[in-house]
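Notes for the one structure printed next.
Each value in this text was obtained by applying a stated rule to the coordinates, not by laboratory testing. The model shown is predicted, which means the values in this text are computed figures rather than measured ones. Counting neighbours? That spans all protein chains shown, and the Cβs are built from the backbone with ideal geometry, glycine included.
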Amino acid sequence: MKTGIIILNYNDYENTTKMLNQIKDYSCLSKIVVVDNCSTDESVEKLKEYENKKIILIQSKKNLGYATGNNLGLKYLEKETSCEIGIISNPDVIVEESVIKELIHDLKTHDEISFLGPKITEYGRITKGWKLPSYFVEMLSTVNLLHRFSFRFQKYPESHYKERLTEVEVLHGCFFLARMSDFKKIKYFDPNTFLYYEENIIAKKAQMKGLKSYIDNTLTVNHLGAQTVCKNLKKVKKYKAIKKSMFYYEKEYNHLNPIKMFFLKAFYYISLFFVYLTFWI
C-alpha cells in the first residue's frame, strides 16, 4: 500500500529538516509532504532545498493552524498521488523505518483498524492513547492546580494493554496513520479549531462513523515534546487556545446544554482571572 507522510512546519525548520534527513530514503514512504504554515523565519528557504519528486513543499499563504494545515497535506495526497495510507507527523519526532513498515502491515492485515498509532515516548513517559474526556474531566481541566490531575481520569488501566493491538478512543496526534479512505469518511480534520483538541475531535468523528482506533503496543516513536508550540505560544495564550477549542468541541460534538456550557465557561474565566492575578502581584 503506497504511503505518504505529512509534516506540518511552522518556524521549526531545524526539527523539520532533521526529520527529512532521517526519513527521506525510507522505501516505505512514497511521498513526503511538508506543509509550511506561513512561517516567519527561514523555513521556506531551508525546506526548498529538499524538494524533489518524493518530497513536496506546500506553502500556505497564512498560518492556518494544525487542523487546516494538515488538511492541505491530506488533500494533496488524495488528489495528486495514489497513496492509500496517510501519516500525520509532528516535525519533532524520531521514527525508525521498521516502525512505519510494521504499522502499515497492521493496517493491511486488520480490516477492523481505521486509525493506528504506536506508543509515544515524551517527557520521560509513555503514552498509549486515552479516553475521550467526560464533562467532569473538562471541568477539572479548567480549574487552577486541578488541571494537572484531570488527565488521570482519561487514562486506561495498564491491564487494558494486554494484547499487541489495543483499541483506544484517542490517539496521540504527534504521529498516527490511517487509510486515506477513512480520512475522507470523517472529512479530515475539523478546520474550525486553530490549535488543540484535534485529537479528541478526530476520535469523536471516527466514533460517529463507526471507525476504530488502535495502538500497537510493540512499536514506539519518540516525541521530543511540543517544541514548536512552546516556541510560539506563551503560557496564557496557550491556555486560551486550549479552552477555545474545548468549548467548540463540547458545543459541536457533545452538544452540551446551555447550563453545562455556562458552568464550564464560568470556571474558565475564574481560573483565567487568577492566572492574570499572579502576573500583577
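The local environment of residue 184, defined by Cβ-Cβ distances under 12 Å, has a net charge of +4 under the rule Lys, Arg +1 and Asp, Glu -1. The mean sequence distance of close C-alpha pairs (under 8 Å, at least 6 residues apart), as a share of the length of the chain, puts its relative contact order at 21 percent.
Sparsely packed loop sites in segment 64-126 (the GluC sites (Glu not before Pro) outside DSSP H, G, I, E and B with at most 16 other Cβ atoms within 10 Å) comprise 96, 112.
Take each peptide in 40-50, 132-142, count the other Cβ atoms within 10 Å of every residue, and average; sorted highest first, the result is 132-142, 40-50. Both radii were evaluated on the Cα set of the chain; the Rg over Rh quotient, with Rh as the Kirkwood radius, amounts to 0.96. The share of alpha-carbon pairs in segment 16-108 lying farther apart than 20 Å comes to 36%. Sorted largest first, the principal axis extents computed over the alpha-carbon atoms of segment 122-281 equal 51, 36, 31 Å.
Other residues within the sphere of radius under 13 Å centred on the Cβ of residue 169, judged by their own Cβ, net out at +4 (K and R +1, D and E -1).
Could you sort 248-261, 60-73 so that the peptide with the highest average Cβ count within 10 Å comes first and the rest follow in order? If you can, show how the numbers build up before the last one.
Values: 248-261: 14.6, 60-73: 19.5.
Descending mean neighbour count gives 60-73, 248-261.
Spin-label pair residue 62-residue 262: with each label point 7 Å from Cα along the Cα-Cβ axis, the two points sit 3.5 nm from one another. Each residue, residue 238 and residue 274, gets one label point 7 Å from its Cα in the Cβ direction; the gap between the two is 1.9 nm.
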